[in-house]
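Following: one structure in structure tokens, then a few remarks.
The values are calculated or read from the model by the stated rules, or taken from the named source; none is laboratory data. A quick note: this is a predicted structure, and the numbers were derived from the prediction, not measured. Every residue, glycine among them, receives a Cβ derived from its backbone with ideal geometry; neighbour counts consider all protein chains shown. Side chains included, ligands, DNA and RNA excluded: accessible areas come from the protein's heavy atoms. Shrake-Rupley method; radii C 1.70, N 1.55, O 1.52, S 1.80 Å.
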Amino acid sequence: MTATATRVLVLNSGSSSVKYQLLDMSTESISGSAAGRRLAVGLVERIGEETSRLAHTPLATGGAKRETEGTIADHTAALKAVAAELAADGLGLDSPELAAIGHRVVHGGLKFSAPTVIDEAVLKEIERLVPVAPLHNPANITGIKTARALRPDLPQVAVFDTAFHTTMPEYAARYAIDVATADAHRIRRYGFHGTSHAYVSRKTAELLGKAPEDVNVIVLHLGNGASASAVQGGRCVDTSMGLTPLEGLVMGTRSGDIDPAVTFHLRRVAGMDEDEVDVLLNKKSGLVGLCGDNDMREIRRRIDAGGEDAAQAQLAFDIYIHRLKKYIGAYYAVLGRVDALAFTAGVGENAAPVRAAAIAGLEELGMAVDASLNAVRGDEPRLISPEYARVAVAVVPTDEELEIAQQTYALVNA
Ligand SMILES: Nc1ncnc2c1ncn2[C@@H]1O[C@H](COP(=O)(O)OP(=O)(O)O)[C@@H](O)[C@H]1O
Ligand SMILES: CC(=O)OP(=O)(O)O
Ligand SMILES: [Mg+2]
């Protein structure tokens, strides 16, 4: 790394999308840590489908958002398209100012509890974990390999979704199954979205004007994938996802919690094989399985439009909310004292009706939502609870890319 190399490219590769940001880490924030100024941000969506979409905004040049549609067959093609977009603004991967590339890696298993420079052994371990993150780790691996081919000289850093959850006590991380079997196959609860839970819990403490050590927070990360976490004094003590990102909340296409016997039943009685069960629970369940739509915007539109089409959407919404409420109650009990509850990610940040419904009826727990505060839209962390509420209910936009950039930059400068 040269003395002038202060930029970090962050790749957040999902099952059918890539989110990316190029950041300049040279600006110092008030606290003295690298702040991260965005030079370019973008998103490739619907990878592998007929009409993929790339949206790229070159913030450094003040240029407008550029959107292109066309077929982007796989993640390799997506990253090449991203590299071309960056190059078009003079921000290409060949820049000597690039210090490192940071990758979101969803499953880090037991080995990784901190950001890690990727070498062959690290890559092998991420590959070994594919069966427990089948929708995510393969995309992360493609991102790493493609980036490495473009810039073999640069450090590539993995920031793991599982890392923040490694502080969970044994009684929260273990399943109540035969210990020898669990240990032999490393079957335990790992938890995911950790980068987001860490960032949002810290930001929530900041919003309250307190140190992270002094607050207990329930974080609800509600995106396509969704998870809840209980954060006690800055450390995760429980989270809703488990061995894989399938457990817990109702998600866009994933069932979340289910009686494991349902899977035996599907195989023995419905005649499905294990791959069919896997696809059913990961891709054809959750909101899409319940009502045909996985996008909360569309579900709310159907409910608001009323009529016949609304009933199914309403039931899907009610099931989603019921599960959320159960986790709020559970984590309240786990934490004993809750200072704040934070909503984040696509649904949590944007869907006011989800926030209102999830908190409705929880006055006895000290939680309430003020309708007019809840209706406010914005990019900044904000409170939506009334003055009198004992628990601060907040909307705290997540920024996994910034968090990954900061951890990456800190590691390569260490
Ligand atoms: N204005 C909105 N109202 C309701 N839901 C929204 C809105 N904008 C985005 N969403 C929801 O956010 C989801 C995507 O969230 P995001 O955190 O980007 O997920 P991921 O990172 O898993 O792709 C969409 O599927 C959609 O359901
Ligand atoms: C782990 C996980 O579910 O990630 P995402 O929400 O990006 O699918
Ligand atoms: Mg996400």
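Net length available on complete extension from residue 128 to residue 333 is 70.2 nm, with 0.36 nm assigned per residue and the Cα-Cα distance removed. Taking only Cα atoms and a 10 Å spring cutoff, compute GNM fluctuations for the chain and point out the largest among 193, 103, 265. Result: 265 has the largest fluctuation of those listed. Taken over region 174-315, the percentage of Cα pairs per 5 Å bin, counting from 0 up to the bin with the maximum distance, is 2, 9, 14, 15, 16, 15, 13, 9, 5, 2, 1, 0.
Using a Förster distance of 41 angstrom, determine the FRET efficiency expected from the C-beta separation of residue 186 and residue 298, and round it to 0.05. It comes to 0.60. Between residue 176 and residue 61, the simple label model (points 7 Å from Cα in the Cβ direction) yields a spacing of 6.0 nm. Accessible surface comparison of 259, 399, probe 1.4 Å, protein chains only, largest first: the order is 259, 399. Annotation note: chymotrypsin sites (Phe, Trp or Tyr not before Pro) in region 177-245 located in DSSP loop regions with a Cβ neighbour count of at most 10 within 10 Å are absent.
Taking the three principal axes of the alpha carbon atoms in region 61-147, the coordinate ranges are 43, 31, 19 Å, sorted in descending order. A probe of 1.4 angstrom, applied to the heavy atoms of all protein chains, finds residue 279 with accessible area near 60 square angstrom. Using 0.36 nm per residue and subtracting the Cα-Cα separation, the extra length available between residue 326 and residue 375 on full extension is 15.2 nm.
Once fully extended, how much extra length lies between residue 145 and residue 360, figured as 0.36 nm per residue of separation less the alpha-carbon to alpha-carbon distance?
On the way: separation 215, 0.36 × 215 = 77.40 nm, distance 4.65 nm.
Residue separation times 0.36 nm, minus the Cα-Cα distance, leaves 72.7 nm.
For region 121-191, a Kirkwood hydrodynamic radius built from all Cα pairs, placed in the Stokes-Einstein relation at 10 °C and 1.306 mPa s, yields a translational diffusion coefficient of 112 µm²/s. Computed with a 1.4 Å probe over protein heavy atoms only, the accessible area of residue 253 comes to about 40 Å². Accessible area per residue was computed with a 1.4 Å probe on protein heavy atoms; residue 129 scores about 10 Å².
Here is what passes the span test in the chain: the DSSP H helices with alpha carbon length of 18 Å or more along the helix axis and a Kyte-Doolittle mean of 0.0 or above are 75-88, 308-335.
Near residue 362, once Lys and Arg are set to +1 and Asp and Glu to -1 for all other residues with Cβ below 13 Å from its Cβ, the sum equals +2. Shown here for region 296-391: chymotrypsin sites (Phe, Trp or Tyr not before Pro) in loop regions (DSSP other than H, G, I, E, B) with at most 16 other Cβ atoms within 10 Å, namely 388. Each Lys and Arg contributes +1 and each Asp and Glu -1, all at the Cβ; summed about the Cα centre of region 119-180, the dipole is approximately 200 debye. Surface composition of region 277-390: carbon plus sulfur atoms contribute 53% of the solvent-accessible area (1.4 Å probe, protein chains only, all chains present). What is the log10 of I(q)/I(0) for region 260-414, computed with the Debye formula using one identical point scatterer on each Cα and no solvent, at q = 0.10, 0.20 Å⁻¹? Values returned for q = 0.10, 0.20 Å⁻¹ are -0.52, -1.22. The phi torsions of region 58-69, fed into the Karplus equation with coefficients 6.51, -1.76 and 1.60 and a -60° offset, translate into couplings of x, 4, 4, 9, x, x, 6, 5, 10, 10, 10, 10 Hz, rounded to whole numbers, with Gly and Pro shown as x. The charge dipole of region 8-167, taken about its Cα centre with unit charges on the Cβ atoms of Lys, Arg (+1), Asp and Glu (-1) only, comes to about 200 debye. Along the chain, counting only GluC sites (Glu not before Pro) with a DSSP assignment other than H, G, I, E or B and at most 11 other Cβ atoms inside a 10 Å radius, the longest segment between sites is 51-386.
With the convex hull constructed from alpha-carbon coordinates only, region 364-414 shows a mean projected area of 5.1 nm² over all directions. Of the trypsin sites (Lys or Arg not before Pro) found in region 359-414, those in coil by DSSP whose Cβ has at most 13 other Cβ atoms within 10 Å are 377, 390.
For the options 355, 186, 323, a Gaussian network treatment of the chain with springs between C-alpha atoms closer than 10 Å singles out 186 as fluctuating the most. Annotation: region 327-396 has a Kirkwood hydrodynamic radius of 12.1 angstrom, from the mean reciprocal C-alpha pair distance.
Helical runs assigned H by DSSP (4 residues or longer) give the chain a calculated mean residue ellipticity at 222 nm of -11000 deg cm²/dmol, each run adding -39500 (n - 2.57) before division by the residue total.
Over all other residues within a Cβ to Cβ distance under 10 Å of residue 246, the charged ones net out to -2, with Lys and Arg as +1 and Asp and Glu as -1. Using only alpha-carbon positions in region 197-252, the gyration tensor eigenvalues give semi-axes of 23, 11, 7 Å once each is multiplied by 5 and square-rooted (largest first).
Given the options 359, 223, 112, identify the residue whose Cα lies farthest towards the positive end of the charge dipole of the chain (+1 on Cβ of Lys, Arg; -1 on Cβ of Asp, Glu). Ranked along the dipole, the leading option is 112. Shown here: the chain, whose C-alpha atoms stretch 56, 55, 50 Å along the first, second and third principal axes, sorted largest to smallest.
Bridging of residue 145 to lysines at a Cα separation below 17 Å is possible for 19, 80, 124, once same-chain residues fewer than 8 apart are set aside. Quick check: Cα centre of region 373-387 to Cα centre of region 172-195, how many Å? Distance between centres, Cα-based: 37 Å.
When +1 charges are put on Lys and Arg Cβ atoms and -1 charges on Asp and Glu Cβ atoms, the dipole computed for the chain relative to its Cα centre reaches about 280 debye.
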